[in-house]
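Step one of this worksheet: look at the structure below.
The values are calculated or read from the model by the stated rules, or taken from the named source; none is laboratory data. Being a predicted model, the structure only gives us computed values, none of them experimental. Here Cβ is always computed from backbone atoms with ideal geometry, including for glycine, and neighbour counts include all displayed protein chains. All accessible areas refer to the heavy atoms of the entire protein, side chains included, with ligands and DNA or RNA removed. Shrake-Rupley method; radii C 1.70, N 1.55, O 1.52, S 1.80 Å.
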Amino acid sequence: SPLGPWKSPNNKLMIHRDTPGATPCSAVFDPGVTIDENGVGWISFGGLDPVDGGDSFNPKNARIVKLKPNMTEIDGQPVRIPAPYHFEANELNVIGGKYVYTYCSNWAERKADEWNAYKSEHNINVNAPGGGTMCYMVSDNPLDPESWEFKGYYGPGVAGNNHSHLQTFQGNYY
């Protein structure tokens, strides 16, 4: 039942600050889980302050890792998703064979020269996301940080942060 009662099959946290590959990460939280077309489970997580030489543009605090078939253990070490202006609210979906990662952006100042360099380097033509907007990236190979492509954002920025969940209804995503 979606109302519970809920009980964890684990006697410990599946991912924590001491999980190899999960750190450094300011907050090991806000997970997004999906199962792809091959039946493989994935979890994305992380957020808050920049880590490991990151900054407000590239906080280096978003992670993804494959799950074992039992869906209660990770399979390998988490890797970074290079998500610009990442803050939190990790969500993961598979749409049309592509891994789609969404997250809430932070409220850092958007510097035109920084964003224009990113656009040029990644061959994209979208404006920088505002603070508190939901951003999305796509990949064919989620464990390859270089494969993630920033595609844009949706929803207005808010005074607080946003969380979202993509849902399909009658063949359309909302």
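Look at (1) over 30 Å from T168 (Cβ atoms); (2) in contact with a helix residue (DSSP H, G or I) (Cβ under 8 Å, 6 or more places away or on another chain); (3) not aromatic (F, W, Y) and you find that I81 fails only one, number (1). Please verify whether P142 is in a loop (DSSP other than H, G, I, E, B), surrounded by 15 or more Cβ atoms within 10 Å (Cβ to Cβ) and modelled with pLDDT of 95 or more, treating the condition exactly as stated. Considered against the rule, which asks whether it is in a loop (DSSP other than H, G, I, E, B), surrounded by 15 or more Cβ atoms within 10 Å (Cβ to Cβ) and modelled with pLDDT of 95 or more, P142 comes out as yes.
Residue check: is V65 open to solvent by 10 Å² or more (accessible area, probe 1.4 Å), under 15 Å from the mean Cα position of the chain (by Cα) and not charged (D, E, K, R)? In short, no. The set of residues from segment 62-103 being in contact with a Ser or Thr (Cβ under 8 Å, 6 or more places away or on another chain) and among the basic types (K, R) comprises R63, K98.
Remark: pairs (first residue in segment 54-79, farther than 18 Å from V100 by Cα and β-branched (V, I, T); second residue open to solvent by less than 70 Å² (accessible area, probe 1.4 Å) and at pLDDT 95 or above; Cβ separation under 9 Å; 6+ apart in sequence or on different chains) = I74/I43; I74/V65; I74/K66; I74/L67. For segment 95-111, the candidate set comprises residues that are closer than 22 Å to A159 by Cα and not basic (K, R); within that set, the residue that is most open to solvent (accessible area, probe 1.4 Å) is E109.
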